[in-house]
1. Being modelled with pLDDT of 85 or more, more than 30 Å from residue 397 (Cα to Cα) and either touching a strand residue (DSSP E or B) at 6+ places or on another chain (Cβ under 8 Å) or part of a strand (DSSP E or B) (or both), is that true of even one residue in the range 361-375?
2. Has the range 92-99 got any residue that is within 12 Å of residue 6 (Cβ to Cβ) and in contact (Cβ under 8 Å) with a residue 24 or more places away in the chain?
3. Please specify each residue of the range 334-350 satisfying the condition of being in a helix (DSSP H, G or I) and touching a helix residue (DSSP H, G or I) at 6+ places or on another chain (Cβ under 8 Å).
4. Only residues that are in the same structural domain as residue 350 (by TED's automatic domain parsing), in contact (Cβ under 8 Å) with a residue 24 or more places away in the chain and over 22 Å from the mean Cα position of the chain (by Cα): list them for the range 361-412, please.
5. Look through the range 257-281, keep the residues that are over 23 Å from residue 392 (Cα atoms) and in contact with a helix residue (DSSP H, G or I) (Cβ under 8 Å, 6 or more places away or on another chain), and return whichever of them is surrounded by the most Cβ atoms within 10 Å (Cβ to Cβ).
6. Mind checking which helices (runs of 4 or more DSSP H) fall wholly inside the range 1-96 and carry at least 2 residues that are within 18 Å of residue 401 (Cβ to Cβ)?
7. Select the strands (runs of 3 or more DSSP E) contained entirely in the range 127-187, then report the ones holding at least 3 residues which are within 15 Å of residue 253 (Cα to Cα) and modelled with pLDDT of 95 or more.
8. Could you check the range 209-316 for strands (runs of 3 or more DSSP E) lying wholly inside it with 1 or more residues that are in contact (Cβ under 8 Å) with a residue 40 or more places away in the chain and more than 19 Å from the chain's Cα centre (by Cα)?
């Protein structure tokens with residue numbers, strides 16, 4: 001494993017990624033590119049790192065209530081500080097990945113948390129910067145803390161790029177071939193860990209359709225107060241105040257899910273998102289329609305809960321949690337490594353017969369229908385509603401991003 005980790009960006013994910021690796025002590029040094037001046041001195045950056053409105057101070061996260069600050073030896077001229085024994089260096093000159101001199105700082109592995117460089121097809125010298133710029137600047141591997149988004153729809157995914165979710169398809173990563181790795185999104189991570197156990201236990205062919213709504217905490221891309229939209233903006237709701245509104249928006253979870261669970265290509269699936277005025281702690285409401293098997297047992301509430309209960313109990317990495325308790329969103333904040341926490345108390349199922357007129361089924365020949373006694377058939381279908389909590393910042397996503405980072409570092 002390389003001894004130096006690079007982090008590009010110091011927003012929510014960048015800062016909490018730093019917290020994770022300060023706690024884990026897998027890297028002797030961390031180099032962070034901010035790309036601009038911040039505050040009046042490096043001390044202001046240290047203050048930003050030390051305090052957090054959602055999770056409390058860094059030292060309390062590390063050592064509990066009786067602890068004291070762990071940031072020392074702040075050297076503004078050198079851009080360095082010591083955080084709990086780890087040397088941390090800050091670069092403040094450029095935002096363009098190709099211009100970040102990772103090689104001079106012995107950085108071979110970079111985690112880009114900016115959310116800006118998500119098209120793996122762009123060349124290193126793209127005018128506004130690109131993910132591949134990090135590789136030209138000296139990095140051997142790049143992890144992107146967001147789903148890939150290829151602007152040119154005619155371009156395929158490059159051979160050296162892959163999307164993985166820990167505990168789902170992380171073994172698909174090939175260290176000999178892949179250089180740019182997307183860690184998907186917080187919602188995709190949770191959703192994958194909710195759907196995969198159902199596919200494993202019941203088979204994807206029994207899933208007729210599925211839909212998801214995520215009730216999602218606010219993100220830094222939203223506005224504190226109402227704001228005039230930028231030229232060409234097509235979603236005016238993103239400019240409304242996040243503090244006192246429920247805001248309908250979109251999610252790319254459905255598209256990203258197919259990249260990590262190939263069986264989803266055969267399942268009709270839609271995904272939506274609703275933003276609410278909380279800082280973290282989100283909820284997926286998954287609705288799945290199953291075709292009942294006349295020769296097998298019915299899919300009832302306890303069957304589904306037992307699938308999750310047994311999967312969670314046998315999960316070697318403890319990514320899936322199951323609970324019969326009644327929770328609210330604050331209860332899930334900071335839960336270590338919980339990609340998803342299934343709230344079994346709220347699992348619901350209903351079975352009904354769906355009536356199908358075979359004469360209206362495309363591709364079914366009339367001669368075949370004429371041989372049947374009845375062209376009306378009734379198919380038993382069970383609809384299930386499943387609730388899965390996730391801490392969209394530290395507890396779920398950043399924890400698993402850190403696991404992905406360490407696993408890649410160990411293979412280098």
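The values are calculated or read from the model by the stated rules, or taken from the named source; none is laboratory data. As the structure is a prediction and not an experimental result, all values here were calculated from the model. So basically every Cβ, Gly included, is an ideal-geometry build from the backbone, and we count neighbours across all protein chains shown.
1. no
2. The initial filter retains those residues of the range 92-99 that are within 12 Å of residue 6 (Cβ to Cβ), namely 97.
Okay, now just the ones that are also in contact (Cβ under 8 Å) with a residue 24 or more places away in the chain, so 97.
Looking for residues that are within 12 Å of residue 6 (Cβ to Cβ) and in contact (Cβ under 8 Å) with a residue 24 or more places away in the chain, one finds at least one in the range 92-99, hence yes.
3. Pass one, the range 334-350, residues in a helix (DSSP H, G or I): 344-346.
344, the sole residue that qualifies.
4. Within the range 361-412, 378, 379, 380, 381, 382, 383, 384 meet the criteria.
5. Here is the first cut: in the range 257-281, the ones over 23 Å from residue 392 (Cα atoms) are 262-263, 265-268.
Next cut, in contact with a helix residue (DSSP H, G or I) (Cβ under 8 Å, 6 or more places away or on another chain) only: 263, 265-267.
Working: 263: 16, 265: 10, 266: 11, 267: 19.
That would be 267.
6. Details: elements: 12-24, 42-50, 58-63.
Correct list: 12-24, 58-63.
7. Working: elements: 141-144, 161-163, 180-182.
Hits in the range 127-187: none.
8. Details: elements: 247-249, 268-276, 282-291.
Correct list: 268-276, 282-291.
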